[in-house]
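Below: the structure, in structure tokens.
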Amino acid sequence: MSFPATRLRRLRRSDRLRALVRETRLDLDDFVFPLFVGPRTEPNADLPPFGRLTVEDLAAEAAELERLGVRAVMLFGIPDEKDAEGSGAWDDDGVVQRALRTLREASSNLVLTTDVCLCEYTSHGHCGPLDGEDVDNDATLELLARTAVSHAEAGAEIVCPSDMMDGRVAAIRAALDDAAQSHIPIVSYAAKYASAFYGPFREAVDSAPAFGDRRGYQLDPANVREALRECELDVREGADALLVKPALPNLDVIRAVRERFDLPVGAYNVSGEYAMLKAAGARGWLDERQAAVESLTAIVRAGADVVVSYWTKELAGWL
Ligand code: PBG
């Protein structure tokens with residue numbers, strides 16, 4: 001059948017008809033809101049989600065998020081002091097560990113996930129200790145594993161390694177199991193690209209590399225087969241779910257991962273993706289809310305079961 005018998009506009013005639021046949025819906029259950037915890041409160045007027053909270057402020061923010069219907073958060077820490085190894089990351093009294101205990105004590109119902117990486121904690125801003133100018137892959141594994149265990153012991157329900165070292169999922173799985181944390185899932189940022197879209201995040205957590213860049217460990221944005229190999233290895237090492245990051249430049253990667261693997265697939269709608277729409281919205285160049293909903297819908301349509309997004313709190317008000 002073709003025109004004029006077929007007229008696709010028939011089902012687009014009203015909001016009610018469009019809603020009836022809509023293929024993709026946004027559900028707050030699938031969204032994770034990133035939170036930044038540091039030594040001092042530092043609001044960010046232009047990009048509110050990148051403001052830092054203290055451990056003390058965090059309980060109130062968590063209660064507010066819960067009231068709005070947000071289900072899950074991902075914690076990032078900014079330590080008092082950074083050093084060459086990033087030792088603040090696995091300190092039992094570190095900022096993320098204290099934040100987790102505080103939320104547990106406040107009986108928060110939010111799913112508590114943590115980003116496991118050393119770049120916020122190293123003085124040089126790279127994702128592990130250095131050997132010359134290069135991140136020492138194998139020395140980093142042990143430190144990531146310690147970090148993940150200390151997060152789990154402090155109350156994290158899911159740990160999310162984002163460093164892109166080879167072998168980190170296996171190292172973290174073994175360490176969690178040894179520490180009687182075999183029930184803690186690993187959501188691996190398996191396909192994490194070396195991206196220009198992490199800018200506002202690095203400013204928020206002060207983790208821009210002091211020299212060089214992250215192209216020696218994060219994926220080349222030109223490659224999709226290599227991303228699938230990363231996923232394959234992480235699955236074999238015991239990952240419970242796979243994350244693709246950033247989301248919007250990599251919708252094809254989300255789709256490819258979705259088709260190849262049966263694990264839950266997540267996507268991280270990163271800081272630069274959020275900031276672009278905020279900036280354009282502030283200038284009146286586009287309708288921020290519509291652009292945000294369209295972007296998030298595209299990420300879910302591409303195949304993401306879980307979306308980490310700075311829009312989560314605003315989305316809770318819109319849905
Ligand atoms: C840590 C990490 C980064 C992001 C999440 N975890 C920064 C990076 O790899 O440089 C970026 C998130 C964002 O931009 O929103 N390695």
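Overview of values
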quantity	calculated
Output for segment 109-131, where each listed residue is over 20 Å from the mean Cα position of the chain (by Cα) and in contact (Cβ under 8 Å) with a residue 24 or more places away in the chain	Ser123, His124, Pro129, Leu130
Criterion violated by Arg301 - all others in (1) within 16 Å of the ligand (Cβ to nearest atom); (2) surrounded by fewer than 16 Cβ atoms within 10 Å (Cβ to Cβ) satisfied	(1)
Residue match in segment 263-273 (condition: farther than 24 Å from Glu294 by Cβ and touching a Gly at 6+ places or on another chain (Cβ under 9 Å))	no
Boolean, Asp92 is exposed (fewer than 14 other Cβ atoms within 10 Å of the Cβ) and at pLDDT below 95	no
Residue within segment 172-180 that is open to solvent by 30 Å² or more (accessible area, probe 1.4 Å) and basic (Lys, Arg) present	yes
Failed criterion for Glu64 (all others in (1) open to solvent by 50 Å² or more (accessible area, probe 1.4 Å); (2) closer than 18 Å to Trp311 by Cβ; (3) touching a residue at least 40 places away in the same chain (Cβ under 8 Å) hold)	(3)
Residue in segment 101-117 that is hydroxyl-bearing (Ser, Thr, Tyr), surrounded by 19 or more Cβ atoms within 10 Å (Cβ to Cβ) and farther than 18 Å from Pro34 by Cα present	no
Odd one out for Leu228 among (1) over 23 Å from Ala275 (Cβ atoms); (2) open to solvent by 30 Å² or more (accessible area, probe 1.4 Å); (3) in contact (Cβ under 8 Å) with a residue 12 or more places away in the chain	(2)
The lone exception for Ala154 - which of (1) at pLDDT 95 or above; (2) open to solvent by 20 Å² or more (accessible area, probe 1.4 Å) it fails	(2)
Residues of segment 235-280 satisfying the condition of being of a type outside the set (A, V, I, L, M, F, W, C) and either under 19 Å from Pro49 (Cα atoms) or at pLDDT below 95 (or both)	Lys245, Pro246, Tyr268, Asn269, Ser271, Gly272, Glu273, Tyr274, Lys278
Subset of segment 255-277 that is within 13 Å of the chain's Cα centre (by Cα) and aliphatic (A, V, I, L, M) - its residue that is farthest from the ligand (Cβ to nearest atom)	Val265
Residue under evaluation Gln218, criteria (1) more than 14 Å from Asp163 (Cβ to Cβ); (2) of a type in the set (S, T, N, Q); (3) within 19 Å of the chain's Cα centre (by Cα), criterion not met	(1)
Matching strands (runs of 3 or more DSSP E) fully within segment 1-120 where at least 2 residues are touching a Cys at 6+ places or on another chain (Cβ under 8 Å)	111-116
Some residue of segment 201-215 being over 17 Å from the mean Cα position of the chain (by Cα), touching a residue at least 12 places away in the same chain (Cβ under 8 Å) and more than 30 Å from Arg40 (Cβ to Cβ)	yes
Qualifying residue in segment 17-28 (condition: of a type outside the set (A, V, I, L, M), within 16 Å of the ligand (Cβ to nearest atom) and either at pLDDT 95 or above or closer than 24 Å to Ser188 by Cα (or both))	no
Residue ID - most open to solvent (accessible area, probe 1.4 Å), chosen from residues in segment 121-151 that are more than 15 Å from the ligand (Cβ to nearest atom), assigned to a loop (DSSP other than H, G, I, E, B) and not small (Gly, Ala, Ser)	Glu133
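The values are calculated or read from the model by the stated rules, or taken from the named source; none is laboratory data. Just so you know, these numbers come straight off a predicted model, no measurement behind them. Note: ideal-geometry Cβ built from the backbone for every residue, glycine included; neighbour counts use all protein chains shown. Please note that ligands, DNA and RNA were not included when accessible areas were found on the heavy atoms of the full protein model with its side chains. Shrake-Rupley method; radii C 1.70, N 1.55, O 1.52, S 1.80 Å.
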